[in-house]
Amino acid sequence: MITRDTDAFLAFARDCAPDFGPATAKAAFLVAPDGFARAEQSARDNLYMADADAFDAARASAEHRELQRALSASLPTICFAGDPQAPDALFPNNAFATVPGRLILGRMRHAVRQRETERGDIRGWFANVLGYAETDLSQQPHPCELTGALVIDRTRGLGFCGLSERCDETGARLMHQAFGLRATLLFDLAPGEYHTNVVLAVLAGRAALICADGFADAAAAEAIGRLYSPHVVRLSAAQKAAFAANAIALSATEVWMSAVAAAALTPADHAALAEAGFSLRSADLRAIESAGGSLRCCVAELF
């Protein structure tokens, strides 16, 4: 099922058993922020991006190295070298994603980001080292920026896809098929929002962080909240701007977000995560966040 009908989606999704796959990834990979700078093409539709003079390449590199070190305590985490001609490449989850035994390549909207999926080293690592097959969506014309646009509940095979310049309806259908999902809910993001994973996180299939202000129609946000109730943290616009929804569960008991995002949470938010069985881990990514993304964007999951 792939639909905009929230009632039909909920009726179907509630009956989906948590047997689709593992709740969290077995490993992760990052791409170093080599050549870290403002990508002017990406800035056209990423309102979270700072002005060029706010970019600090040395600090971003140090933050990224510490992020890899920190994440490695939770799961195996490797890092590929960056490409100075691809300044957004430190956010690989938009270009690369996996299901067991298969690499999926997304279609990036901007030419500066399309360079990422052309990398032979990353493709070769999956094909020749891991033996993964490949589903290549990068050569068709419809934008579909993978787990930036599509938030996935891996336990039940459910997708939540926000449509914007970075993912159109055809692109959403291609991703639904590539991930082999049971059901995907389509909805429009609010004007100015570029990726779903800035306004929504589904944590290990049992909790959600949601900012209704990021949805064009709050009914879609409310439907997702009903599906994960009572383990729902409803975020304010200010918390969204701090990247509090750009979070990821990397184990059954740990949720990761940036230090700025964690500081934006209220005591009640912390309590809600604890009640859902999660401890909160964070990393200082203030320099990286000037590029318009945060911790979730940095992490490509390996299933």
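The values are calculated or read from the model by the stated rules, or taken from the named source; none is laboratory data. Values in this document were obtained by computation on a predicted structure and should not be read as measured data. Every residue, glycine among them, receives a Cβ derived from its backbone with ideal geometry; neighbour counts consider all protein chains shown.
Which of the residues spanning segment 101-132 are within 13 Å of A178 (Cα to Cα) and in contact with a helix residue (DSSP H, G or I) (Cβ under 8 Å, 6 or more places away or on another chain)?
Within segment 101-132, L103, I104, L105, G106, R107 meet the criteria.
Within segment 242-256, is there a residue that is more than 19 Å from A70 (Cβ to Cβ) and in contact (Cβ under 8 Å) with a residue 24 or more places away in the chain?
yes
Which numbered condition trips up A216, out of (1) in contact (Cβ under 8 Å) with a residue 40 or more places away in the chain; (2) under 18 Å from D188 (Cα atoms)?
Going through the list (1) in contact (Cβ under 8 Å) with a residue 40 or more places away in the chain; (2) under 18 Å from D188 (Cα atoms), A216 breaks only (1).
Considering each residue of segment 265-283, count those that are among the β-branched types (V, I, T) and closer than 25 Å to H64 by Cα, and give that number.
Total meeting the criteria: 0.
Can we say T155 is within 23 Å of A204 (Cα to Cα) and crowded, with 20+ Cβ neighbours inside 10 Å?
No; evaluated as a whole, the condition is false for this residue.
Within the group G124, G131, G120, G171, which residue is crowded, with 20+ Cβ neighbours inside 10 Å and either modelled with pLDDT of 95 or more or not β-branched (V, I, T) (or both)?
Exactly one residue qualifies, and that residue is G171.
What do you reckon, is S258 within 22 Å of S279 (Cβ to Cβ), of a type in the set (G, A, S) and surrounded by fewer than 22 Cβ atoms within 10 Å (Cβ to Cβ)?
No, not satisfied.
For the list (1) under 18 Å from I248 (Cα atoms); (2) crowded, with 17+ Cβ neighbours inside 10 Å; (3) not small (G, A, S), I need the number of the one condition that P87 fails.
The failed condition is (1).
Rundown of residues vs (1) of a type outside the set (D, E); (2) free of Cβ contacts under 8 Å to residues at least 40 places away in the same chain, yes/no style:
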| residue | (1), (2) |
| --- | --- |
| P141 | yes, yes |
| L158 | yes, no |
| E165 | no, no |
| G180 | yes, no |
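Could you run through segment 95-124 and say how many residues are in a loop (DSSP other than H, G, I, E, B) and in contact with a Leu (Cβ under 8 Å, 6 or more places away or on another chain)?
Of the residues in that region, 2 qualify.
Within segment 257-303, count every residue that is in contact with a strand residue (DSSP E or B) (Cβ under 9 Å, 6 or more places away or on another chain), free of Cβ contacts under 8 Å to residues at least 12 places away in the same chain and small (G, A, S).
Looking only at that region, the number is 2.
Could you look through segment 266-282, keep only residues that are small (G, A, S) and buried (at least 18 other Cβ atoms within 10 Å of the Cβ), and pick out the one that is farthest from L203 (Cα to Cα)?
S282
Quick one: in segment 8-33, which of the residues that are of a type in the set (A, V, I, L, M) and not in a strand (DSSP E or B) is surrounded by the fewest Cβ atoms within 10 Å (Cβ to Cβ)?
A17
Which numbered condition trips up A208, out of (1) modelled with pLDDT under 95; (2) among the aliphatic types (A, V, I, L, M); (3) under 22 Å from K26 (Cα atoms)?
The number of the failed condition is (1).
Name the residue, out of T135, T98, that is within 17 Å of the chain's Cα centre (by Cα) and within 18 Å of L181 (Cβ to Cβ).
So the residue among T135, T98 that is within 17 Å of the chain's Cα centre (by Cα) and within 18 Å of L181 (Cβ to Cβ) is T98.
Among what's in segment 46-74 and is surrounded by 18 or more Cβ atoms within 10 Å (Cβ to Cβ) and part of a loop (DSSP other than H, G, I, E, B), pick the residue that is modelled with the lowest pLDDT.
Applying the filter and picking the extreme gives M49.
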